[in-house]
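Read through the structure below, which is laid out as structure tokens, and then see the notes.
What follows draws every value from the coordinates through simple rules; no lab data is involved. Source: prediction; values computed, not measured. Because the Cβ atoms are built from the backbone with ideal geometry, glycine has one as well, and the counts that use them run over all protein chains shown.
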């Protein structure tokens, strides 16, 4: 990567605003399925239940994912659909930016990538599925006290409007 992302430390939106590029200096930073495969599954363990609502994917340039289906799970056994039929960019053999996919906020621990239609046609120099880099956005979840405060302010406003109407 042209700049580092540290999960749980780096702000996702601020990081992506800098347009970080996946570079050709990749040894040890990419994942490849076995030679000759056109589909694969990879499961990410986020370490604990985490609210997420976006994925940044740097789709590997020589063995990119053609179609991506995302599934989520809190136990690593039972998975439910999160986002289906995603079509990552077919990146050229050069430095490239991330695709950002949004989905409804979900409190989960495991994210499974089910990949197919690999590799994408350009340049398709290695017959497999591959992932350049990934990052997940931690969703903003209102604190219970904040929600209660907003409800109280709303109730006061509604009460004042009703009082004016009754006069």
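Give the separation of the Cα centroids, the stretch 86-139 to the stretch 8-67, in Å.
6 Å
Can you give the FRET efficiency for residue 17 and residue 75, using 1/(1 + (r/R0)^6), R0 = 22 Å, r = Cβ-Cβ distance, to the nearest 0.05?
0.05
Highest first, please rank the peptides 59-66, 2-9 by the mean number of other Cβ atoms sitting within 10 Å of their residues.
59-66, 2-9
Please list 11-22, 103-114 highest first by mean number of surrounding beta-carbon atoms within 10 Å per residue.
103-114, 11-22
Please sort 47-58, 83-94 by packing, taking for each peptide the average over its residues of neighbouring beta carbons within 10 angstrom, highest first.
Highest mean packing first, the order is 47-58, 83-94.
Decide, for the stretch 12-142, between rounded, prolate and oblate: order the square roots of the alpha carbon gyration tensor eigenvalues as a ≥ b ≥ c, take rounded if a/c falls under 1.5, and otherwise choose prolate if a/b is larger than b/c, else oblate.
Taking the square roots of the gyration eigenvalues as a ≥ b ≥ c, the stretch 12-142 is oblate.
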